[in-house]
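Colleague: Below are the C-alpha cells for one structure; questions will follow.
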Amino acid sequence: MRRVLLPQHISDQVAPPGAAIRDLRGLSMGTSWSVRLLEAAMPGRAGSADLQQGLQQQLDLVVAQMSHWSEESDLGRFNRAEPGSWHSLPAAFCEVLGFAMHVAQTSAGAYDPCAGALVNLWGFGPRNRYDQPGFLPPTDDTVALLLSQRQRRRLELDLPARRARQPGGLQLDLSAIAKGYGVDRLARYLENQGIGHYLVEVGGELRGAGSKPDGQPWWVMLEQVDGAGMHEHPAEMMLALHGLSVATSGDYRRFFNDGTARYSHTIDPRSGMPIANQLASVTVVHAECMAADAWSTALTVLGVDAGMALAEEQGLAARFLQRDGHGYREFLSSQMLAMLDE
C-alpha cells in the first residue's frame, strides 16, 4: 500500500509555458547533490555552467565555514582555539549555530551541536573512526569523564555581535544540521536567479517548490528503513514536495557492532551513549530543510513518547518508525496526519 502526503498550502504559481527540466549535480560534504529545475528559454538567464558553478559555491561556503572534517574551516579553527577566546563568526555559520542552539535548548539537550567530543569518542568523527582497525568502544568511565568535562565547557554565543567564546576543549559538530542548511542555500540561490520551480537534494535531504512542466508537484518517496531481518515492512509514503523540505534521521545509516552490542551513530548528548530506543527512523517535513534536519535528530534521540510530545508542542510534521519484533510500528504527529490524503 502506498500513502500520499500533501502540503496544506499550495502556491498558485504555475509552470512557465514550454519549460523544460534541467538536471545539475555535483559532490559536497562527503556525499552528492542534485538539482532539478524548470526553466523557460529566457534572455539573460544563466547558462548551465554558470548555474552549476553558483550552486557548487553555495555548498563550498558551507564546507569552508562548518566542516568538522577540515581543521581549516571556521568551525575547525574554533574547535582548536585557546580557552577563553572570543571569535567572530561568518554570517552563515552564526545563523546555523544559533538555530542549532535553539533546538538544543528546546529539546532539553537531546540535540546538542556542542557534543562533538562525544561523537568523536564513539568513532563517528573524522579521526579514530569505528571502521578503522583497532577501534574499541569507550568505557563507561571514559564517557562519564567526558560528560563531567562538558559541564564545565559551556558555549557562550553572542548572536547580535555574531561571536562565540571557546571555553576550552569544546568541540562543535554541525553535521546534523549543515546538510539541511546546504539544501536551503541551494534553494535560495535558485530563487535569487528567478527560478521558482525546483527540486533540490543533498545526501538524501530534499526541498521542493513549484511544479513540473505537466503541473504535477515534485513527488518524492519518504526514505525507507533498511528492513534486513524484518518480515513486515512499513508502507511506502509519497510526499508532494511543494514549498516543503524533508529530512530523515535513521540509525541504520551508520553503526557498528563489536560482537556484544550494536552501536548507533546517533549519540544522546545527555547520557553520552548511542541511542538504544528501537527507533529505526524519524522523518520531519518542514518549510526549511535546516529545521527538518535538526529536529529529526532531536526527535530520534528523545524516542517515540517524548519525541511525539515535543513534535506536538512545536507543531512539527513528524513520522516515527519503531522496531517491534519482526516489523515496525508507525507513529504520526497531528501535523503529519493532517497532510495524509485519505
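The values are calculated or read from the model by the stated rules, or taken from the named source; none is laboratory data. Keep in mind that this is a model prediction, so the values were computed, not measured. Here Cβ is always computed from backbone atoms with ideal geometry, including for glycine, and neighbour counts include all displayed protein chains. These accessible areas exclude ligands, DNA and RNA; they are computed on the full protein's heavy atoms, side chains included. Shrake-Rupley method; radii C 1.70, N 1.55, O 1.52, S 1.80 Å.
Colleague: May I ask you to list the residues in segment 87-133 that are of a type in the set (Gly, Ala, Ser) and part of a helix (DSSP H, G or I)? Break it down stepwise before answering.
Modeller: Taking segment 87-133 as the starting set, the residues that turn out to be of a type in the set (Gly, Ala, Ser) are 88, 91-92, 98, 100, 104, 107-110, 115-117, 123, 125.
Answer for segment 87-133, where residues must be of a type in the set (Gly, Ala, Ser) and part of a helix (DSSP H, G or I): 91, 92, 98, 100, 104, 116, 117.
Colleague: Can you pull out every residue in segment 226-253 that is open to solvent by less than 20 Å² (accessible area, probe 1.4 Å), at pLDDT below 75 and either not in a loop (DSSP other than H, G, I, E, B) or not small (Gly, Ala, Ser) (or both)?
Modeller: 251 - this is the single residue of segment 226-253 that is open to solvent by less than 20 Å² (accessible area, probe 1.4 Å), at pLDDT below 75 and either not in a loop (DSSP other than H, G, I, E, B) or not small (Gly, Ala, Ser) (or both).
Colleague: Which of the residues that make up segment 64-82 are without any contact (Cβ under 8 Å) to a residue 40 or more places away in the chain and open to solvent by 50 Å² or more (accessible area, probe 1.4 Å)?
Modeller: Across segment 64-82, the qualifying residues are 64, 71, 72, 77, 80.
Colleague: List pairs: first residue in segment 90-111 and within 23 Å of residue 72 (Cα to Cα), second residue open to solvent by less than 10 Å² (accessible area, probe 1.4 Å) and among the hydroxyl-bearing types (Ser, Thr, Tyr) anywhere in the structure, Cβ distance under 7 angstrom, at least six positions apart or on different chains.
Modeller: Listed by first residue and then by second, the contacts come to 96/181.
Colleague: Of everything in segment 84-133, what is acidic (Asp, Glu) and open to solvent by less than 40 Å² (accessible area, probe 1.4 Å)? Give them in sequence order. Even if it seems obvious, please write down each step before you answer.
Modeller: To start, the set of residues in segment 84-133 that are acidic (Asp, Glu) comprises 95, 112, 131.
Once the filter is applied, which keeps residues that are acidic (Asp, Glu) and open to solvent by less than 40 Å² (accessible area, probe 1.4 Å), segment 84-133 yields only 112.
Colleague: If you check residue 319 against the conditions, is it within 18 Å of residue 236 (Cα to Cα), buried (at least 20 other Cβ atoms within 10 Å of the Cβ), in contact with a strand residue (DSSP E or B) (Cβ under 9 Å, 6 or more places away or on another chain) and of a type in the set (D, E, K, R)? Spell out the reasoning first.
Modeller: Values: within 18 Å of residue 236 (Cα to Cα): yes; buried (at least 20 other Cβ atoms within 10 Å of the Cβ): yes; in contact with a strand residue (DSSP E or B) (Cβ under 9 Å, 6 or more places away or on another chain): yes; of a type in the set (D, E, K, R): yes.
For residue 319, the condition - within 18 Å of residue 236 (Cα to Cα), buried (at least 20 other Cβ atoms within 10 Å of the Cβ), in contact with a strand residue (DSSP E or B) (Cβ under 9 Å, 6 or more places away or on another chain) and of a type in the set (D, E, K, R) - is met.
Colleague: Has segment 312-333 got any residue that is out of contact with any Leu (no Cβ under 7 Å at 6 or more places or on another chain), in a helix (DSSP H, G or I) and either among the basic types (Lys, Arg) or over 19 Å from residue 180 (Cβ atoms) (or both)?
Modeller: Scanning segment 312-333, I find at least one residue that is out of contact with any Leu (no Cβ under 7 Å at 6 or more places or on another chain), in a helix (DSSP H, G or I) and either among the basic types (Lys, Arg) or over 19 Å from residue 180 (Cβ atoms) (or both), so the answer is yes.
Colleague: Another one. May I ask you to verify whether residue 2 is basic (Lys, Arg) and exposed (fewer than 12 other Cβ atoms within 10 Å of the Cβ)? Spell out how you get there, then give the answer.
Modeller: Numbers: basic (Lys, Arg): yes; exposed (fewer than 12 other Cβ atoms within 10 Å of the Cβ): yes.
So residue 2 passes the test.
Colleague: For segment 23-43, enumerate the residues that are closer than 16 Å to residue 208 by Cα, at pLDDT 95 or above and open to solvent by less than 20 Å² (accessible area, probe 1.4 Å). Steps first, please.
Modeller: As a first pass, look at segment 23-43 and keep what is closer than 16 Å to residue 208 by Cα: 23-25, 33-39.
Still in the running and at pLDDT 95 or above: 23-25, 33-37.
The answer is 24, 33, 35, 37.
Colleague: OK, next. Within segment 47-62, is even one residue open to solvent by 10 Å² or more (accessible area, probe 1.4 Å) and part of a loop (DSSP other than H, G, I, E, B)?
Modeller: Yes, segment 47-62 contains at least one residue that is open to solvent by 10 Å² or more (accessible area, probe 1.4 Å) and part of a loop (DSSP other than H, G, I, E, B).
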